[in-house]
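Asks: Please find one structure pasted underneath; my questions will follow.
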Amino acid sequence: MQHDKDSKATFYTCSCFSTDNIFLEEFKLHVRFLSEHQFRSDYQAVLRNLGCSTDTEFKDILEKIEKEVERRRSLGVKSAERAAAIKGIYKPLHDHVYLLHESYMAPEFKQMVDYCRSDEASKEGLLSLMQTEAAARVFRFPVFKKIFCDELIEEMEHFEQSRSPKGRPNTMNNYGILLNELGFDEGFIIPLREQYLQPLTSLLYHDCGGCYLDSHKAFMVKYDMHEDLDISYHYDNAEVTLNVSLGKEFTEGNLYFGDMRQVPLSETACTEVEHKVTEGILHRGQHMHGALPISSGQRWNLIVWMRASQERNKLCPMCNKMPTLVEGEGFADGFTSDIGMSLLQNV
């Protein structure tokens, strides 16, 4: 198991990651798979109502899900293999974008961070420096300068065109890049989280781990007229999420937010939030949300799922149970081993 040198803790994943929250794109449905018997009992009637009408179609779904479970179980090892291969063969286009520098940042963002670091910092004072909440506890503000956004996209496109192996962020985004595999964690994402975002989240989300963010998963997603157009209603495996719109040129594609994941969609009124290039949207990971389709162009987003082991060690946000820990690579899914936790199990 890999130990991240920037962290004092060793991080783990919960065994539910392999079996829960599997997304069936064609039916816009998240499912859980423990066994064929359980899956048939829980979902066969639901899938039939959604258009899966024959035994052959159902068996095809079963086969796809079993492959996804196996893929998830081998994710850590495969990701480490890709990272090693990328390091050996990939030549960056813009070396400087791998190291975070304040010159990349929007003045408004630096002003907010400086205020949060001051002795007189308060939530009310911070909110006075931000735009009005876009939705309940959803905040929007400039993060990067446009020239940096353009260079970061150029680096991503250069990587996409290379012969390097590529892992995708999750089952909902078919196009995108895992930034830890490309070498962004140490010099860019870790300092972004620790030095710039946590001062904000400590004031805005102190009740859900914002003061104790100690790991993350960071990735790029891409929307294109010939690829992914949108992303369905979902919640994140995170305590707090930052979503930055980098570009390029696109129309439509706003985000929308409902309620927390415990509230049924039938009882929820969704709020549409405009997402402008260079701006970030900060929200609680368990806040249900999605992205509407773009109608033209291409759009790149930087997503940072930030995690607080102090929160998730009590209750796994994906299965709502005390986590059963399994070994992971790097930051894994942000769990740490505490006294009283379930015994480690091998996957």
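Asks: Within segment 240-253, does at least one residue satisfy the condition of being within 16 Å of the chain's Cα centre (by Cα), in contact (Cβ under 8 Å) with a residue 24 or more places away in the chain and closer than 19 Å to residue 20 by Cα?
Replies: Step one: filter segment 240-253 for residues within 16 Å of the chain's Cα centre (by Cα), giving 240-246.
Applying the additional criterion that residues be in contact (Cβ under 8 Å) with a residue 24 or more places away in the chain yields 240-246.
Next, from what is left, pick out any that are closer than 19 Å to residue 20 by Cα: none.
Looking for residues that are within 16 Å of the chain's Cα centre (by Cα), in contact (Cβ under 8 Å) with a residue 24 or more places away in the chain and closer than 19 Å to residue 20 by Cα, one finds none in segment 240-253, hence no.
Asks: Could you say whether any residue in segment 218-238 is within 23 Å of residue 126 (Cα to Cα) and among the charged types (D, E, K, R)? Let's see the steps before the verdict.
Replies: Just the residues of segment 218-238 that are within 23 Å of residue 126 (Cα to Cα), to begin with: 238.
Now narrow it down to the ones that are among the charged types (D, E, K, R): none.
Within segment 218-238, not a single residue is within 23 Å of residue 126 (Cα to Cα) and among the charged types (D, E, K, R).
Asks: So residue 247 ticks every box in (1) in contact with a helix residue (DSSP H, G or I) (Cβ under 8 Å, 6 or more places away or on another chain); (2) open to solvent by less than 20 Å² (accessible area, probe 1.4 Å); (3) at pLDDT 95 or above but one. Which box is left unticked?
Replies: Unmet for residue 247, out of (1) in contact with a helix residue (DSSP H, G or I) (Cβ under 8 Å, 6 or more places away or on another chain); (2) open to solvent by less than 20 Å² (accessible area, probe 1.4 Å); (3) at pLDDT 95 or above: (3).
Asks: OK, next. Within segment 57-74, how many residues turn out to be in contact (Cβ under 8 Å) with a residue 60 or more places away in the chain and open to solvent by 30 Å² or more (accessible area, probe 1.4 Å)?
Replies: So the count comes out to 1.
Asks: Just checking, does segment 311-329 include any residue being among the β-branched types (Val, Ile, Thr) and over 13 Å from the mean Cα position of the chain (by Cα)? Before the answer, list the steps.
Replies: Within segment 311-329, the first condition is being among the β-branched types (Val, Ile, Thr), and the residues that meet it are 324, 326.
After this cut, where a residue has to be over 13 Å from the mean Cα position of the chain (by Cα) as well, the list is 324, 326.
Yes, segment 311-329 has at least one match.
Asks: Checking residue 112 against (1) in contact with a Ser or Thr (Cβ under 7 Å, 6 or more places away or on another chain); (2) more than 19 Å from residue 220 (Cβ to Cβ), which test does it fail?
Replies: It is condition (1) that residue 112 fails.
Asks: Out of the residues in segment 63-91 meeting the condition of being touching a Phe, Trp or Tyr at 6+ places or on another chain (Cβ under 7 Å) and over 19 Å from residue 328 (Cα atoms), tell me which one is modelled with the highest pLDDT. Walk me through how you get there before you give the answer.
Replies: Restricting attention to segment 63-91, the residues satisfying the condition of being touching a Phe, Trp or Tyr at 6+ places or on another chain (Cβ under 7 Å) are 65, 69, 72, 90.
When the remaining residues are screened for being over 19 Å from residue 328 (Cα atoms), the result is 65, 90.
Working: 65: 93, 90: 98.
Here the answer is 90.
Asks: Sort out which residues of segment 138-150 are open to solvent by 50 Å² or more (accessible area, probe 1.4 Å) and farther than 11 Å from residue 300 by Cβ, and write them in order of number. First the steps, then the outcome.
Replies: Going residue by residue through segment 138-150, those that are open to solvent by 50 Å² or more (accessible area, probe 1.4 Å) are 145-147, 150.
Selection gives 145, 146, 147.
Asks: Let me ask another. Does segment 130-152 contain at least one residue that is polar (S, T, N, Q) and assigned to a helix (DSSP H, G or I)?
Replies: no
Asks: If you don't mind, there's one more thing I want to ask. Just to be sure I understand, how many residues within segment 87-107 are open to solvent by less than 40 Å² (accessible area, probe 1.4 Å) and charged (D, E, K, R)?
Replies: Start the filter on segment 87-107 by keeping residues that are open to solvent by less than 40 Å² (accessible area, probe 1.4 Å), which leaves 90, 94, 97-98, 100, 104-106.
Now drop any that are not charged (D, E, K, R), which leaves none.
Selection size over segment 87-107: 0.
Asks: Turning to a different aspect of this structure: Condition (residue is in contact with a His (Cβ under 6 Å, 6 or more places away or on another chain), buried (at least 18 other Cβ atoms within 10 Å of the Cβ) and in contact (Cβ under 8 Å) with a residue 12 or more places away in the chain) applied to segment 117-134: is it met by at least one residue?
Replies: Within segment 117-134, the first condition is being in contact with a His (Cβ under 6 Å, 6 or more places away or on another chain), and the residues that meet it are none.
No: segment 117-134 contains no residue that is in contact with a His (Cβ under 6 Å, 6 or more places away or on another chain), buried (at least 18 other Cβ atoms within 10 Å of the Cβ) and in contact (Cβ under 8 Å) with a residue 12 or more places away in the chain.
Asks: Continuing with the same structure: Exactly one of these conditions fails for residue 216: (1) open to solvent by 20 Å² or more (accessible area, probe 1.4 Å); (2) at pLDDT 95 or above. Give me its number.
Replies: The failed condition is (1).
Asks: Considering each residue of segment 211-233, count those that are under 23 Å from residue 10 (Cβ atoms) and not in a strand (DSSP E or B), and give that number. Spell out how you get there, then give the answer.
Replies: Within segment 211-233, the subset under 23 Å from residue 10 (Cβ atoms) is 211-219.
The next check asks that each one be not in a strand (DSSP E or B); those that pass are 211-214.
Residues that pass the stated criteria total 4.
Asks: Please determine, by comparing only the residues of segment 97-112 that are aliphatic (A, V, I, L, M) and not in a helix (DSSP H, G or I), which one is farthest from residue 333 (Cα to Cα). First the steps, then the outcome.
Replies: Of all residues in segment 97-112, those aliphatic (A, V, I, L, M) come to 97, 99-100, 105-106, 112.
The next check asks that each one be not in a helix (DSSP H, G or I); those that pass are 99-100, 105-106.
On the way: 99: 24, 100: 24, 105: 28, 106: 30 Å.
That would be 106.
Asks: Same structure, new question: Among the residues of segment 258-278, which ones are out of contact with any Ser or Thr (no Cβ under 9 Å at 6 or more places or on another chain) and in a loop (DSSP other than H, G, I, E, B)?
Replies: The answer is 261, 262, 263, 264, 268, 269, 270, 274.
Asks: Which condition number does residue 176 fail, the rest of (1) crowded, with 21+ Cβ neighbours inside 10 Å; (2) without any contact (Cβ under 8 Å) to a residue 40 or more places away in the chain being met?
Replies: (2)
Asks: Give, as residue ranges, the strands (runs of 3 or more DSSP E) completely inside segment 279-339 that count at least 2 residues that are of a type in the set (A, V, I, L, M), closer than 14 Å to residue 10 by Cβ and open to solvent by less than 10 Å² (accessible area, probe 1.4 Å). Steps first, please.
Replies: Details: elements: 279-284, 287-291, 294-307, 325-327.
It comes to 325-327.
The values are calculated or read from the model by the stated rules, or taken from the named source; none is laboratory data. A quick note: this is a predicted structure, and the numbers were derived from the prediction, not measured. Neighbour counts run over all protein chains shown; Cβ positions are idealised from the backbone, glycine included. All accessible areas refer to the heavy atoms of the entire protein, side chains included, with ligands and DNA or RNA removed. Shrake-Rupley method; radii C 1.70, N 1.55, O 1.52, S 1.80 Å.
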